[in-house]
């Protein structure tokens, strides 16, 4: 009869401890405490506001309802899962988590926004693959005009009406009203930003120019009537022709590729700005810590600065959470922590080329909306976020793309009428499947190159450490959740094997 071998208490404990450590990992560093200082003047953290107001009956729901409303109030997509997470942090009084919300990798964010891989087509008379110039039936129909009106601001210019618009006389559009820009929520909370003192006085000219550029971009849509813009005797029927006409009539033109920290709240509390970034896990290790670099999502846009004898205006172009890829005014006042940087400046022929590409992108997004009107959130996320279009144009103009994250689904860019834009959008890197972004894109997205200008507490030091590691070649990646679990399971297997060897050797010794 074989003698039974019993492991000693020490061996049993060692095996158990090894299995537990292999499964859950071992933290040797004290938990990181998000600092609350220094802060820019007249600014508080979101957690500071919520500490004071979270106990107010109904306030948390009112706040979340505002964030869930979408529109032009912020570039972060607040889906039900993200709203749920924010609610948990507030009700659980997890102020540390709130000040690094949500802190997920893009692999975690993707399911939260419901990645759309299948195109939804509502217009069978214009099927996928219809070549450029192919006839469409009864366009513009009421349904099509409704889709265009929802996703493209044209001011008083209709898609089915031909006319000539003169820019020789001052715009008669109304000025910017702070009363229309901000809304009172009660309890000392105001949402929205007032007019920028530098840009707001030009709002009537800027709004007219944005409307005209959008309408000129629509001229190329099949079945649309042609609108002509005129300035000092020069005429234009495309956005780029209008830029050429402005330069030819004595106007200066500069196009900036601009980056900012995205403000997803636009809240003010008792006269103070509320700092509300939206953090993404970069999957880059911060040297000397067990933490990943969390970076605030940036906002990117192209900005046109036009000065001259007839037109003085500033307009921007990007694809926003409102589902619109269009020319817009940009005359509200950013909060100080948002900062801002011109990654590139384009003049003369290059400025005209950026305008041409923006106009073609505008049209491509109109085609997407007409073919796929059922995409959720106006296509925001499956068709990209603000960075995607800017990165695509940057790559076309410079050969490089330096923005993160990009979310567009390449399979949706298949309309042969938009071949140039399709190729551009397909070429940029995507952040949909959990791949770690290149450091160039992390640092290229930032609104500064001097990290000491950043006033988000704790971020400058993290960026300095990671940038130094990148430059000296010691940068390391952090592992994804799946990679961590795989390594832990391997660790368990190793412990079990070692335990088996011990038992086997003990048995041999007793024979």
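What follows draws every value from the coordinates through simple rules; no lab data is involved. Nothing here was measured: the structure is a model prediction, and the numbers come from that model. When we count neighbours, we look across all protein chains shown, and the Cβ atoms used for this are built from the backbone with ideal geometry, even at glycine.
Here is how the numbers come out for the structure above:
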| item | result |
| --- | --- |
| Equivalent ellipsoid dimensions for segment 149-297 as semi-axes, Å, which come from the Cα gyration tensor, largest first | 39, 22, 16 |
| Percentage relative contact order, segment 45-475, counting C-alpha pairs under 8 Å, at least six apart | 21 percent |
| Among 39-45, 319-325, the order from most to least packed when residues are scored by Cβ within 10 Å on average | 319-325, 39-45 |
| Gyration tensor over alpha-carbon atoms, segment 45-475, equivalent ellipsoid semi-axes in Å | 35, 24, 23 |
| Ranked by how many other beta carbons lie within 10 Å on average, peptides 264-277, 432-445 from highest | 264-277, 432-445 |
| For peptides 338-346, 177-185, sequence by mean Cβ density within 10 Å, most packed first | 338-346, 177-185 |
| Largest to smallest principal axis extent of the C-alpha atoms in segment 318-382, angstrom | 36, 34, 19 |
| Tail weight of P(r) past 16 Å, computed on alpha-carbon pairs of segment 255-302, percent | 57 percent |
| Sorted by Cβ neighbour density within 10 Å, fewest at the top, the residues 404, 327, 451 | 451, 404, 327 |
| Normalised contact order of segment 359-484, rounded percent, pairs of Cα under 8 Å and 6 or more residues apart | 20 percent |
| Euclidean distance of C-alpha centroids, segment 430-444 and segment 178-201, integer Å | 34 Å |
